[in-house]
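Structure record follows, encoded as structure tokens.
The values are calculated or read from the model by the stated rules, or taken from the named source; none is laboratory data. No experiment lies behind these values; they were computed from the predicted model shown. In this analysis, Cβ positions are derived from the backbone assuming ideal geometry, glycine residues included, and neighbour counts consider all displayed protein chains.
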Amino acid sequence: MRFELMYESFFKIVEGIPLTLQVVLISTILGIFLAVAVALMRISGNRLMSLPAYYFVYLIRGTPLLLQLYFVYYGLSQFEAIRESILWPILKEPYWCGIITLTISTGAYSSEIIRGGILSVSKNYIEASGALGLSQTKTFMLITLPITVRQALPAYGNELILMVKASSLISIVTLMEITGIARTIISKTYAPVEIFLVAGSIYLVINFIIVMFVNIAERRLGIEKAT
Amino acid sequence: MFDVFALGPTGWGDEMLMGAVMTVLVSSSSLLLGITLGIVFAACKLSNFFILRAIAEVYTTIIRGIPELLVIYLLFFGGSSAVMYLAKIFGYMGYIELNAFTIGTIAVGAISGAYSTEVIRGAVNSVPKGQFEVGKTLGLSGYSLYGKIIFPQVARIALPGIGNVWQITLKDTALISVTGLVEIMRQSRIAAGSTHEPFIFYTAAIILYLLITRLSNIFFDSAEKKYSKGYVSKEAS
């Protein structure tokens with residue numbers, strides 16, 4: 001073990017934390033909107049809405065994230081039309097390609113979690129709400145949504161951890177977040193074990209903090225832990 | 001447009017198909033390694049020894065909390081020296097280099113093993129205790145108890161979970177492309193670079209992955225049916 005090297009590289013790898021967190025945060029927030037939209041499309045009962053949503057989720061869940069990232073970053077830029085469109089300033093940046101890919105990915109996975117949550121809301125509540133004269137929008141906002149959040153939160157906590165892990169892939173398109181910096185140091189110093197321990201611990205700490213926050217939120221919302 | 005997928009030396013069709021074969025091979029060997037690790041660590045988690053439980057807990061926590069890519073880098077850069085270190089203990093001084101397939105299998109197998117551990121542990125836990133007790137009362141032990149009574153029940157309950165683990169494992173093998181193993185991902189990158197047609201080659205890769213997913217779903221569905229023969233009527237009613 002080269003402890004001095006571990007100590008030095010710790011401070012270098014730490015510099016990647018803001019980028020990792022930033023990418024995770026932005027794509028998670030954008031991903032929630034996508035997820036809700038896809039989940040609502042899937043349970044709409046209208047085949048024109050539910051089928052595209054179904055195939056979208058199938059496509060994303062059935063292919064590796066790395067391939068999706070390559071598709072967005074290298075695949076789309078092949079076309080003249082895209083290179084000349086107003087989207088090009090965004091699509092030529094690995095940073096935004098990473099965020100787009102992660103957003104689409106978490107949107108698909110979370111839509112399943114949200115769909116499960118919405119479907120778990122008892123029909124009786126919806127009927128009772130209708131009997132009380134609440135409109136459909138009000139029923140959704142005041143009854144369905146809060147119960148869905150409660151139901152979906154434990155699974156969504158897992159999804160957040162998967163997002164932190166998935167964000168490491170953007171290092172492959174040249175972004176220097178935690179894994180990217182770790183990889184550079186490994187190939188310079190050839191000390192894979194030491195650097196793995198440092199970078200791995202950083203990820204474990206981040207994920208541990210997320211688990212803690214999710215647990216607090218679960219307790220606040222009165223979710224009983226299934227043990 | 002499709003002549004880039006011609007078979008033979010003029011197109012990339014046969015190379016892409018070979019890449020798909022390689023993906024299936026490396027995923028299968030990783031899944032097998034993962035299930036083996038899963039059985040060992042599930043046994044550790046269910047054991048009465050604190051040390052074994054702690055080791056298994058550390059293993060699953062690390063794998064589930066650390067990006068797969070880091071694990072692959074660790075084995076890619078450190079795998080050969082670790083094996084040489086082990087070989088030295090046994091008196092072998094020569095140079096050993098692991099090929100990309102072995103490194104990939106070990107890395108993805110280790111990741112897959114953590115998920116399998118949880119699936120198998122859950123499945124063993126859901127076999128009623130009475131089954132063990134009755135088996136022992138009948139004088140069964142070892143293979144006749146675990147192989148004939150417990151395993152079929154664990155297999156039935158674990159199969160859907162193992163199907164999910166297969167799905168995860170299949171997708172994780174795309175990450176091994178960074179070590180140079182020529183599977184679907186790597187092959188489509190090479191082809192895209194050489195033809196300047198990334199869009200169609202990545203689309204082809206997407207179709208290949210979806211095809212493998214579809215076929216393996218059919219396989220797992222029939223396996224589930226086979227293992228739940230005696231249960232079908234009960235669940236239907």
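Within the stretch B:83-99, is there a residue that is at pLDDT 90 or above and among the β-branched types (Val, Ile, Thr)?
Scanning the stretch B:83-99, I find no residue that is at pLDDT 90 or above and among the β-branched types (Val, Ile, Thr), so the answer is no.
Scan the stretch A:130-146 and tell me whether some residue there is hydrophobic (A, V, I, L, M, F, W, C) and either within 12 Å of another protein chain (Cβ to nearest Cβ) or in contact with a Gly (Cβ under 7 Å, 6 or more places away or on another chain) (or both).
The answer is no, given that none of the residues of the stretch A:130-146 is hydrophobic (A, V, I, L, M, F, W, C) and either within 12 Å of another protein chain (Cβ to nearest Cβ) or in contact with a Gly (Cβ under 7 Å, 6 or more places away or on another chain) (or both).
Where in the stretch B:134-237 are there helices (runs of 4 or more DSSP H), lying wholly inside it, with at least 2 residues that are touching a Leu at 6+ places or on another chain (Cβ under 9 Å) and surrounded by fewer than 16 Cβ atoms within 10 Å (Cβ to Cβ)?
Correct list: B:198-227.
Please work out which residue is nearest to the chain's Cα centre (by Cα), limiting yourself to the stretch A:23-76 and to residues that are over 20 Å from B:Ile200 (Cα atoms) and not in a helix (DSSP H, G or I).
Selected residue: A:Ile43.
If you check B:Gly104, B:Gly113, B:Gly34, B:Gly109, which single one turns out to be within 13 Å of the chain's Cα centre (by Cα), within 14 Å of chain A (Cβ to nearest Cβ) and either in contact (Cβ under 8 Å) with a residue 40 or more places away in the chain or closer than 23 Å to B:Pro160 by Cα (or both)?
Step by step, each of B:Gly104, B:Gly113, B:Gly34, B:Gly109 is checked, and only B:Gly104 is within 13 Å of the chain's Cα centre (by Cα), within 14 Å of chain A (Cβ to nearest Cβ) and either in contact (Cβ under 8 Å) with a residue 40 or more places away in the chain or closer than 23 Å to B:Pro160 by Cα (or both).
What pairs come up if the first residue lies in the stretch B:190-213 and is at the interface with chain A (Cβ under 9 Å from one of its Cβ atoms), the second is hydroxyl-bearing (Ser, Thr, Tyr), and their beta carbons are under 6 Å apart, counting only those six or more places apart or on different chains?
B:Pro198/A:Tyr74; B:Phe201/B:Ser188; B:Tyr202/A:Tyr70; B:Tyr202/B:Ser188; B:Ala205/B:Ser188; B:Ile206/A:Thr63; B:Tyr209/A:Thr63
Let's see how each residue does on (1) free of Cβ contacts under 8 Å to residues at least 12 places away in the same chain; (2) under 28 Å from B:Leu69 (Cβ atoms); (3) within 14 Å of chain B (Cβ to nearest Cβ):
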{"position": "A:Gln68", "(1), (2), (3)": "no, yes, yes"}
{"position": "A:Leu91", "(1), (2), (3)": "no, yes, yes"}
{"position": "A:Tyr95", "(1), (2), (3)": "no, yes, no"}
{"position": "A:Gly98", "(1), (2), (3)": "no, yes, yes"}
{"position": "A:Leu102", "(1), (2), (3)": "no, yes, yes"}
{"position": "A:Ser120", "(1), (2), (3)": "no, no, no"}
{"position": "A:Ile126", "(1), (2), (3)": "no, no, no"}
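Hey, can you tell me all the residues within the stretch A:174-191 that are more than 18 Å from the chain's Cα centre (by Cα), among the hydrophobic types (A, V, I, L, M, F, W, C) and in a helix (DSSP H, G or I)?
A:Ile181, A:Ala182, A:Ile185, A:Ile186
Go through the stretch B:39-68 and give me each residue that's in a helix (DSSP H, G or I), more than 14 Å from every other protein chain (Cβ to nearest Cβ) and in contact with a helix residue (DSSP H, G or I) (Cβ under 7 Å, 6 or more places away or on another chain).
B:Ile39, B:Phe41, B:Ala42, B:Cys44, B:Lys45, B:Leu52, B:Arg53, B:Ile55, B:Ala56, listed by residue number.
What pairs come out if I take residues in the stretch A:176-197 that are on the phi > 0 side of the Ramachandran plot and within 10 Å of chain B (Cβ to nearest Cβ) and pair them with residues that are part of a helix (DSSP H, G or I) and not β-branched (Val, Ile, Thr) whose C-beta lies under 8 Å away, six or more apart or interchain?
Once the first residue is on the phi > 0 side of the Ramachandran plot and within 10 Å of chain B (Cβ to nearest Cβ) and sits in the stretch A:176-197, its partners that are part of a helix (DSSP H, G or I) and not β-branched (Val, Ile, Thr) give A:Tyr190/B:Phe77.
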